[in-house]
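Visitor: Below is the structure I would like to discuss, written out as structure tokens.
The values are calculated or read from the model by the stated rules, or taken from the named source; none is laboratory data. If you're wondering where the values come from, they're calculated on a predicted model, not measured in any experiment. Virtual Cβ from ideal backbone geometry, glycine too; neighbours counted across all protein chains shown.
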Amino acid sequence: MAEKAFNLTREMLDHSFAETVAPDREKLLTCIQCGTCTASCPTAYAMDYTPRQLWRLIQVGLREEVLKSNTYWLCTNCYSCTIRCPRGISLTETMAALKRLAIAQGLEKPSTIQGRVARFYRSFMDSVRRHGRLHESEFLITYFAHTNPLGLAGQGRLGFNLCRKGKISLAPSEVKKRGDIAAIFRKAQELEAGGAP
């Protein structure tokens, strides 16, 4: 595969971008492009830019190119890259910050992988917010309704079998102290509003 060439004009570069998304900008800028993160990543094969390439794009300041990529959306949060990085860079946290930034800026489109992943997270968190824990049936219905309504019909037989065997329930099980869950969500929103990307 041929390497993509970039026009590195002043207008394209955002030198503050690394500071926006990296928990420790100085560490991210010390990336030596060794490729350990890419070699450790279980989903690198499906990414348009490997993790190593993404770090370089962030270092250079190609904000738009980074935010348009699918790389950070495919991160599974396994922490393999972070654990193995010889520089000790918080790579997994940077991937999470990129997801939050893209969602905050409304960059995910429903028909793209970015939109499906963002919808997955939203559906999951909405279910937890309402019930205090994940309600699988509601989660799947909400997710498929927003991303692929016809796909939901294809899951009907599986859902019926899971319900019949007691693996999932149509009625949500509620936690007793839902106020504590609500407090956790409020605190997370405060932290995000207070400057986290």
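Visitor: Quick check: anything in region 121-128 at pLDDT below 85, assigned by TED's automatic domain parsing to the domain that holds Leu29 and at negative phi?
Guide: no
Visitor: What's the number of the condition Lys27 fails, among (1) surrounded by 14 or more Cβ atoms within 10 Å (Cβ to Cβ); (2) modelled with pLDDT of 90 or more?
Guide: So the condition that Lys27 fails would be (2).
Visitor: What about Leu91, is it more than 12 Å from the chain's Cα centre (by Cα) and touching a residue at least 40 places away in the same chain (Cβ under 8 Å)?
Guide: Criteria met by Leu91.
Visitor: For region 68-137, list the helices (runs of 4 or more DSSP H) that sit wholly inside it and hold at least 3 residues that are in contact with a helix residue (DSSP H, G or I) (Cβ under 6 Å, 6 or more places away or on another chain) and buried (at least 21 other Cβ atoms within 10 Å of the Cβ); which are they?
Guide: In region 68-137, 91-104, 113-131 are the helices (runs of 4 or more DSSP H) which contain 3 or more residues that are in contact with a helix residue (DSSP H, G or I) (Cβ under 6 Å, 6 or more places away or on another chain) and buried (at least 21 other Cβ atoms within 10 Å of the Cβ).
Visitor: Could you grab the pairs with beta carbons closer than 6 Å, sequence gap of 6+ or different chains, first residue in region 72-87 and aliphatic (A, V, I, L, M), second one in a helix (DSSP H, G or I)?
Guide: The qualifying pairs are Leu74/Ala46.
Visitor: Sticking with this one: Filter region 30-67 for residues that are in a helix (DSSP H, G or I) and of a type in the set (Asp, Glu); which is surrounded by the fewest Cβ atoms within 10 Å (Cβ to Cβ)? Let's see the steps before the verdict.
Guide: So in region 30-67, the residues in a helix (DSSP H, G or I) come out as 36-40, 44-46, 51-60, 63-67.
Next, only the ones that are of a type in the set (Asp, Glu) stay: 64-65.
Working: Glu64: 12, Glu65: 17.
Among those that are in a helix (DSSP H, G or I) and of a type in the set (Asp, Glu), it is Glu64.
Visitor: A further question follows. Yes or no: region 152-174 includes at least one residue that is assigned by TED's automatic domain parsing to the domain that holds Arg122, under 28 Å from Arg100 (Cα atoms) and without any contact (Cβ under 8 Å) to a residue 12 or more places away in the chain.
Guide: No, the conditions are met nowhere in region 152-174.
Visitor: Can you say whether Ala193 is modelled with pLDDT of 75 or more, farther than 16 Å from Arg129 by Cβ, of a type outside the set (Lys, Arg) and loosely packed, with under 10 Cβ neighbours inside 10 Å, as far as the supplied structure shows? So that I can check it myself, show each step before the final result.
Guide: On the way: modelled with pLDDT of 75 or more: no; farther than 16 Å from Arg129 by Cβ: yes; of a type outside the set (Lys, Arg): yes; loosely packed, with under 10 Cβ neighbours inside 10 Å: yes.
Criteria not met by Ala193.
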